[in-house]
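Contents: one structure, followed by commentary.
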């Protein structure tokens, strides 16, 4: 895929505990901004081929299916609308979650969105001039929210996310 937005955070949990949360595909609404509900749509709730539907505030849903599974370390989810391709503005898109030991009973989480844009040259211009920064910000927000949710066990509100961004900037 041509484009990728990536963010990395360190979570104050051992990798095994972080993995127990990460592999639970039903939890996305607790840490993905604008997602209000997550529904498992496959017989298997985790592993290769597992699927979920995530619903946004607008009520629209998007399907996500696991296409790669690395037990204890991460997975890849393909974003799609039913049997159709990825939702606009993407021609195709995947989310990659990876975790690894960060020492001292901590876990490094890397979240990535890899994608190709629709609309040919217009899509390329749209991405380069407007959406590149937006997508990087969204992925960073997801990683920050995952860290907060994993460490606290509580869903992250938009107000909390604003505070997390401020705190993260002060740490840099």
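Of the candidates 93, 108, 102, the single residue that is surrounded by 20 or more Cβ atoms within 10 Å (Cβ to Cβ) and assigned to a strand (DSSP E or B) is 93. Assuming residue 140 fulfils every condition listed in (1) buried (at least 17 other Cβ atoms within 10 Å of the Cβ); (2) under 20 Å from residue 26 (Cβ atoms) apart from one, which condition is it? That leaves (2) as the condition not met. The number of residues in the stretch 64-123 that are at positive phi and free of Cβ contacts under 8 Å to residues at least 60 places away in the same chain comes to 7. Here residue 114 meets each of (1) in a helix (DSSP H, G or I); (2) surrounded by 13 or more Cβ atoms within 10 Å (Cβ to Cβ) with one exception, condition (1).
Matching residues to (1) more than 21 Å from the chain's Cα centre (by Cα); (2) at pLDDT below 95; (3) within 19 Å of residue 10 (Cα to Cα):
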| residue | (1), (2), (3) |
| --- | --- |
| 89 | no, yes, no |
| 94 | no, no, no |
| 98 | no, no, yes |
| 104 | yes, no, yes |
| 118 | no, yes, no |
| 124 | yes, yes, no |
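In this structure, is residue 166 in contact with a strand residue (DSSP E or B) (Cβ under 6 Å, 6 or more places away or on another chain) and in a helix (DSSP H, G or I)? For residue 166, the condition - in contact with a strand residue (DSSP E or B) (Cβ under 6 Å, 6 or more places away or on another chain) and in a helix (DSSP H, G or I) - is not met.
The values are calculated or read from the model by the stated rules, or taken from the named source; none is laboratory data. If you're wondering where the values come from, they're calculated on a predicted model, not measured in any experiment. Glycine gets a Cβ as well: all are built from the backbone with ideal geometry, and neighbour counts include every protein chain shown.
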